[in-house]
Amino acid sequence: MNCRNIVLNYIQNCEKNEPIFIEDIKEYIMQFYKEEEKEKIFNNVKEILNRLNKENIIKTAYKGIYYIPKTNIFGELPLANSKIIQYKYLVDKFGNVKGYITGAKLFNKVGLTTQVPNIIDIVTNECKNNNKYANKYLNVAIRKPKIEINNENYKYLQLIDLIENKDKIYVEVDDMNEIIHNFIQENDLDFEKILKYARETNSKAVIEKMVILAR
């Protein structure tokens, strides 16, 4: 099987209007080649994707991100940024959580503020350095987590962010503790695990808040 056919086979198994990442294609295609061929094959992949784009088999959303266009009676549908954000920063291709929404968007969701931010703050394992990085195309700002995010801990880490409020988001409710208590209850968070993750992230504010809520 030649390189183009392998790439086509991968793409044909993708859903329409779902993001296709070049890094995933590269990972898939290396099953069929030796490690020493990697550089040459990756260059071929880029050329193949460019040709497929010209042939209208796929469309380019952003650099390194493609999709199979879907049409309706009004014409071709663009790929929603929310889908790109979901798979690029929040959930991997196996459904494992690798990031979560924080900042004003999270505060708005739980009812602590009415602010509707233009930029969505995301903490994600995909951020490899300690700098806050803004993706102006997707209107997101990503940050590196204090500990690796997974399916079990992401709600606990959101709770920690709510309590710490390091972005100094204006809280528009009189009783923040009630909102925090509701978040814990609604997400079935365990008290001992809250303390565990507070220690792992060096969050004194969370430990102090738990003492208050436990009274």
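Suppose R0 equals 30 Å; then what is the FRET efficiency for residue 214 and residue 170 from their Cβ-Cβ distance, rounded to the nearest 0.05? With R0 = 30 Å, the Cβ-Cβ based efficiency is 0.65.
Each 5 Å bin from zero holds the following percent of Cα-Cα pairs in the stretch 81-213: 2, 10, 20, 23, 22, 15, 7, 2, 0. Between 197, 89, 137, the residue with the greatest mean-square fluctuation in the GNM of the chain (Cα pairs under 10 Å linked by springs) is 137. For the stretch 44-60, the Karplus equation 6.51 cos²θ - 1.76 cosθ + 1.60, evaluated at θ = phi - 60°, returns couplings of 5, 4, 4, 5, 5, 5, 4, 5, 4, 5, 5, 7, 6, 6, 10, 10, 9 Hz by residue, with Gly and Pro reported as x. Checking every one of the GluC sites (Glu not before Pro) in the stretch 46-83 against DSSP loop status and a limit of 13 other Cβ atoms within 10 Å picks out 55. For the chain, the residue among 87, 157, 102 whose Cα projects farthest onto the positive side of the dipole built from Cβ charges is 87. Note on residue 10/residue 196: beta-carbon distance plugged into 1/(1 + (r/R0)^6) with R0 of 45 Å gives a FRET efficiency of 0.65.
Dimensions of the stretch 39-149 from C-alpha coordinates, computed as largest minus smallest value along each principal axis and given longest first, are 49, 42, 26 Å.
If the label point is 7 Å along Cα→Cβ of residue 34, which residues in the stretch 1-26 have backbone nitrogen under 19 Å from it? Residues 1-3 fall inside that zone. Over the chain, dividing the summed -39,500 (n - 2.57) contributions of all DSSP H runs of at least 4 residues by the number of residues returns a 222 nm mean residue ellipticity of -12500 deg cm²/dmol. Multiplying the residue separation of residue 128 and residue 204 by 0.36 nm and removing their Cα-Cα distance gives an extension gain of 24.8 nm.
Readers should treat all values here as calculations from the given coordinates under stated rules, not as data from a laboratory. Note that this is a predicted model, so its numbers are computed, not measured. Virtual Cβ from ideal backbone geometry, glycine too; neighbours counted across all protein chains shown.
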